[in-house]
Amino acid sequence: MPTVLALETSCDESAAALVRDCTVLASAVASQVDEHARWGGVVPEIASRRHVEALPGLIEQIMDGSGLTLADLDGIAATVAPGLAGALLVASVTARTLARLHDKPFLGIHHLEGHLCSAQLEMDPPCPPYLVLLVSGGHTELVRVDGPGHYTRLGRSHDDAAGEAFDKVARLLGLGYPGGPAIAAAAATGNAQRFVLPQGKVSRPQGGYYPYDFSFSGLKTAMLRQVRALEATGEPLPLADLAASFEQVVAEVLVERSCRCAQDQGLPTLVLVGGVAANRRLRALLEQGCQQRGLQWRLAPLAYCTDNAAMIGVAACQRLAQGSSSAIELGIAARWPLEAAAQLLANPAPF
Ligand code: KG4
Ligand code: ZN
């Protein structure tokens, strides 16, 4: 069973983890959210600088507690795409330098492959084939998984990602950043049925709708109109009811289309991963939806929903077990499709 050191710096969390197969030996995350909150979103230049400052300490911390040295490892991995270019470079350069120094294989991992692999950290991991609803700050996708590295996208958002919608609506409601946890906290005491909000369907040019795709821009506009109308009354905004109604419609639409996709495609299990998978209303509705339709379900453990390096380590272990590793000259890419994740392990490197 391979043991790898994995590093993740694609956005605003610096993270390092030691993973042996699908067991996390150690995992540490240094979040920068407090700093970015002042600006209402991630400032790329600040993110890169903080990664440079935080990463060495995180690596030291997890190695020190493990009783292992870098010489004991079978590989060193880093997220190399997609993400903020300057931020990705920090983990990439660090991992490649350590790999070179200690003569270990280097593995460049796709961030979304990492999120998919977070499901393997569940007590009872899913068996392929299964459908994954991947909901994060940058992506909302339905991905069919037929085995490690075999991914087919069956659905996606045509505009904002679900997490992005949470972040933008939280800003509209003055609830702060990141929006997901802020909306969830405000929604806890709210009436989720008070406001009727649109589910956002995506039209097909030839008529009808894409059954497994999402759109959150209309919902965002509906929230803005609702808030403006309420403000005009001069009364304080009913924040809890607004947050709960918004959270409810997002969760409903995600669950409904995911379940339909799993059923139509004959996939017996639906898996939930990504930062928005930390949302308790979404977790509860997905469980309920699957139960009603006779589907099995798996939820990424709460600790591994938002960005972390343990999930990158699991993906790296799977790739190592297949006999793959990346070229040491592999760079980073701000955008790169999940379906092309295997090319990150190709020689020569794709970028
Ligand atoms: O996966 P992630 O950490 O980073 C990306 O790869 O994008 O996801 C971050 C996103 C943010 O948009 C954040 O608002 C959202 O996940 N999020 C949540 C919750 N916790 C984080 N959304 C809804 N409910 C939550 N509890
Ligand atoms: Zn992520």
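The values are calculated or read from the model by the stated rules, or taken from the named source; none is laboratory data. All figures in this text were calculated on a predicted structure; none of them were measured in a lab. Ideal geometry is used to build each Cβ from the backbone, glycine not excepted, and the neighbour counts take in all protein chains shown.
Please pick out the residue among Gly163, Gly179 that is within 16 Å of ligand 2 (Cβ to nearest atom) and touching a strand residue (DSSP E or B) at 6+ places or on another chain (Cβ under 8 Å).
Numbers: Gly179 fails: touching a strand residue (DSSP E or B) at 6+ places or on another chain (Cβ under 8 Å).
Step by step, each of Gly163, Gly179 is checked, and only Gly163 is within 16 Å of ligand 2 (Cβ to nearest atom) and touching a strand residue (DSSP E or B) at 6+ places or on another chain (Cβ under 8 Å).
Would you check if Arg280 is more than 14 Å from ligand 1 (Cβ to nearest atom), modelled with pLDDT of 95 or more, of a type outside the set (A, V, I, L, M) and on the phi < 0 side of the Ramachandran plot?
Numbers: more than 14 Å from ligand 1 (Cβ to nearest atom): no; modelled with pLDDT of 95 or more: yes; of a type outside the set (A, V, I, L, M): yes; on the phi < 0 side of the Ramachandran plot: yes.
No, not satisfied.
Hey, which of the strands (runs of 3 or more DSSP E) in the range 43-152, taking only ones fully inside, have at least 2 residues that are small (Gly, Ala, Ser) and modelled with pLDDT of 95 or more? Talk me through it step by step, then tell me what you get.
Numbers: elements: 75-81, 106-110, 130-135, 140-147.
In the range 43-152, 75-81 are the strands (runs of 3 or more DSSP E) which contain 2 or more residues that are small (Gly, Ala, Ser) and modelled with pLDDT of 95 or more.
Mind counting the residues in the range 23-42 that are out of contact with any strand residue (DSSP E or B) (no Cβ under 7 Å at 6 or more places or on another chain) and assigned to a strand (DSSP E or B)?
Qualifying residue count for the region: 1.
Being surrounded by 14 or more Cβ atoms within 10 Å (Cβ to Cβ) and touching a strand residue (DSSP E or B) at 6+ places or on another chain (Cβ under 9 Å) narrows it down to one of Leu230, Leu237, Leu254, Leu219, so name that one.
Values: Leu230 fails: touching a strand residue (DSSP E or B) at 6+ places or on another chain (Cβ under 9 Å); Leu237 fails: touching a strand residue (DSSP E or B) at 6+ places or on another chain (Cβ under 9 Å); Leu219 fails: touching a strand residue (DSSP E or B) at 6+ places or on another chain (Cβ under 9 Å).
Step by step, each of Leu230, Leu237, Leu254, Leu219 is checked, and only Leu254 is surrounded by 14 or more Cβ atoms within 10 Å (Cβ to Cβ) and touching a strand residue (DSSP E or B) at 6+ places or on another chain (Cβ under 9 Å).
For the structure I just gave you, tell me whether Arg283 is closer than 19 Å to Ala95 by Cα, in a helix (DSSP H, G or I) and of a type in the set (D, E, K, R).
Working: closer than 19 Å to Ala95 by Cα: no; in a helix (DSSP H, G or I): yes; of a type in the set (D, E, K, R): yes.
It is false that Arg283 is closer than 19 Å to Ala95 by Cα, in a helix (DSSP H, G or I) and of a type in the set (D, E, K, R).
Do you know which residues across the range 147-172 are under 25 Å from Ala229 (Cα atoms), touching a residue at least 60 places away in the same chain (Cβ under 8 Å) and surrounded by fewer than 19 Cβ atoms within 10 Å (Cβ to Cβ)?
The one that is under 25 Å from Ala229 (Cα atoms), touching a residue at least 60 places away in the same chain (Cβ under 8 Å) and surrounded by fewer than 19 Cβ atoms within 10 Å (Cβ to Cβ): Arg171.
Out of all the residues in the range 292-307, which are away from ligand 2 (no atom under 16 Å from the Cβ), crowded, with 16+ Cβ neighbours inside 10 Å and part of a loop (DSSP other than H, G, I, E, B)?
Within the range 292-307, Leu295 is the sole residue that qualifies.
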